Amino acid sequence: MANENMQLKAFISYSSKDKLIGGKIKEKLDSFSIEGFLAHDDIYVAEEWKQRIREELSKSDIFIPLLSKNFKESDWCQQELGIAYYRDIFIIPLQLDANTNPFGFINHIQGKQFEFRFIECQGMRIIQEHSDLLTYLIQPIVGEFPSPMIPAVIKELERAGSYCYAERVMELLVPYFDKFKREDIDTFIDAAINNNQIFVAALCRGEYLPKFIEINKDKINSENLEILSYQ
């Protein structure tokens, strides 16, 4: 069980044909302080790769299979899936195509379909950010591991560069306002006061911050309470 002082580890299981999408998933995990393991990036040429994969599977808290036709055709992906199921770790299946639903040991888990879009940029094929990753990837992780994830989400909120993103990140925290520790409250308040992308965002200003104040007003010093209430 991960505790608040541990960095969560996630194993991303994917076919080599889908490695660009795996890289985008890892980027999003990294932004929330989750250590994502991506075999093509994280295994050096000289390493015994089968042993490294076993080691990473043995210490991961989260298993993220990128389900696709390519995944089902990969013997290694299916073996990784079996090991993760046997370990009974938290599994978040992401469907890369409409025809590959969770199967085998995880056919009881609801999958979420993602259609990633590729664009050409200076001769390179890159993937656009997928707006639903917060909802279908990060939100379940926060729900399963609230203690280590609350501070990580607040840090991401501090960096919010748009009203829309500030609203979507704060939405992840709303169900856990009553679980904030003192340091979480202080960090959250600093972010809300100092980042105008937060306090000007309509949902943050009109709904989320008032709810935060209502739940935690006895733990907020009078100066900050006055500033937050004004905002």
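Within segment 8-34, residues that are in contact (Cβ under 8 Å) with a residue 60 or more places away in the chain and in a loop (DSSP other than H, G, I, E, B) reach partners that are polar (S, T, N, Q) and open to solvent by less than 10 Å² (accessible area, probe 1.4 Å) with beta carbons closer than 9 Å, at six or more positions or on different chains, in the pairs L8/S60; Y14/S68; S15/S68.
Test D30 against the criterion of being modelled with pLDDT under 90, surrounded by fewer than 18 Cβ atoms within 10 Å (Cβ to Cβ), more than 20 Å from G111 (Cβ to Cβ) and under 20 Å from the mean Cα position of the chain (by Cα), and give yes or no. Against the criterion (modelled with pLDDT under 90, surrounded by fewer than 18 Cβ atoms within 10 Å (Cβ to Cβ), more than 20 Å from G111 (Cβ to Cβ) and under 20 Å from the mean Cα position of the chain (by Cα)), D30 does not qualify.
Kindly indicate the residue of segment 53-72 that is among the acidic types (D, E) and part of a helix (DSSP H, G or I) and also least open to solvent (accessible area, probe 1.4 Å) among those meeting that condition. Only one residue fits best here, namely E56. Of the listed requirements (1) at pLDDT 90 or above; (2) at positive phi, G104 misses just one: (1).
Looking across segment 84-103, the residues that are more than 17 Å from G36 (Cα to Cα) and either open to solvent by 50 Å² or more (accessible area, probe 1.4 Å) or of a type in the set (V, I, T) (or both) come down to Y85, Y86, R87, D88, A98, N99, T100, N101. Looking at segment 161-172, can you tell me whether even one residue there is touching a Phe, Trp or Tyr at 6+ places or on another chain (Cβ under 6 Å) and not aliphatic (A, V, I, L, M)? Within segment 161-172, none of the residues are touching a Phe, Trp or Tyr at 6+ places or on another chain (Cβ under 6 Å) and not aliphatic (A, V, I, L, M).
The values are calculated or read from the model by the stated rules, or taken from the named source; none is laboratory data. Because the structure is a prediction, the values reported are computed rather than measured. Because the Cβ atoms are built from the backbone with ideal geometry, glycine has one as well, and the counts that use them run over all protein chains shown. These accessible areas exclude ligands, DNA and RNA; they are computed on the full protein's heavy atoms, side chains included. Shrake-Rupley method; radii C 1.70, N 1.55, O 1.52, S 1.80 Å.
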